[in-house]
Amino acid sequence: MARYTGAVCKMCRREGKKLFLKGDRCYTGKCAFERRSYAPGQHGQSRKKNSEYGLQLRAKQQARRYYGIQEGQFHKYFLMAEKKTGVTGHNLLRICESRLDNVVYTLGWASSRAEARQLVVHAHYTVNGKKVDIPSYLLKAGDVVSIRAKSRDSVKIKTVLEANASRPIPAWLDLNRDNLEAKVLALPERDQISTPVEEHLIVELYSK
């Protein structure tokens, strides 16, 4: 499984906005973007005027980095979104939101999407009662996600749950905090997706 192993704070600086890739650290004074909000590299502080293509590229890169998806898989999701009925950009975001690692993060069962991806790989969660260790597993309406019984006593899981107990849960997910399970009521509508992505620019980029 290919994944980015470099300094994730450089991603935020390159995109010129916080992508919240390091969980709680992003909300503290230790956040690298707070201290150096310009792009990394020798010419990071020089002013650059973005072309139309540049704006489209940045929108695509920001979306990929928010969700932690590699280029090949992201383009595959775009092709899937094109084949579905409805607005392609909205379909693309629904696909990204329905990934198991993203749902785990959204439920507050991980402090960041990167941590959610790691916990999924370590098989701490089940879907419809079956162990799933694939972060890119796409959930659908009616699926039930839960923390595995033997993982509930893990110090790591308990710490994560306590730290994220107050995270608001979107309306398309129904979380039972007592049973540590959640049901996907439906795939999210655009106004239920809080990730700041300009999906129309992504569609324009891939449609060239």
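Read-outs throughout are calculated quantities, based only on the coordinates presented, and are distinct from any laboratory measurement. Source: prediction; values computed, not measured. Using ideal geometry, Cβ is built from the backbone for each residue, glycine included, and neighbour counts are taken over all protein chains shown.
Kindly provide the set of residues from the stretch 139-156 that are of a type in the set (A, V, I, L, M, F, W, C), touching a residue at least 12 places away in the same chain (Cβ under 8 Å) and over 12 Å from VAL104 (Cα atoms), ordered by number. Passing the criteria: only ALA141. Being over 21 Å from LYS60 (Cβ atoms) and assigned to a loop (DSSP other than H, G, I, E, B) is a description that applies to PRO168. For the stretch 48-78, the set of residues classified as among the polar types (S, T, N, Q) and either under 15 Å from GLU204 (Cα atoms) or touching a helix residue (DSSP H, G or I) at 6+ places or on another chain (Cβ under 6 Å) (or both) consists of SER51, GLN56, GLN61, GLN62, listed by residue number. Check whether at least one residue in the stretch 130-143 is over 19 Å from GLY72 (Cα atoms), aliphatic (A, V, I, L, M) and not in a loop (DSSP other than H, G, I, E, B), and report yes or no. Among the residues of the stretch 130-143, not one is over 19 Å from GLY72 (Cα atoms), aliphatic (A, V, I, L, M) and not in a loop (DSSP other than H, G, I, E, B), which makes the answer no.
Among the conditions (1) closer than 20 Å to GLN192 by Cβ; (2) assigned to a loop (DSSP other than H, G, I, E, B); (3) in contact with a strand residue (DSSP E or B) (Cβ under 8 Å, 6 or more places away or on another chain), ALA123 misses just one, which is (1).
Could you go through the stretch 190-203 and let me know if any residue there is in contact with a His (Cβ under 6 Å, 6 or more places away or on another chain) and either closer than 19 Å to TYR67 by Cα or surrounded by fewer than 16 Cβ atoms within 10 Å (Cβ to Cβ) (or both). Yes - at least one qualifying residue is present in the stretch 190-203.
Candidates are the residues of the stretch 171-182 that are of a type outside the set (Asp, Glu) and surrounded by fewer than 16 Cβ atoms within 10 Å (Cβ to Cβ); the one that is farthest from the chain's Cα centre (by Cα) is ASN179.
The residue that is nearest to GLY142 (Cα to Cα), among those in the stretch 170-188 that are of a type in the set (D, E, K, R) and touching a residue at least 24 places away in the same chain (Cβ under 8 Å), is LYS183.
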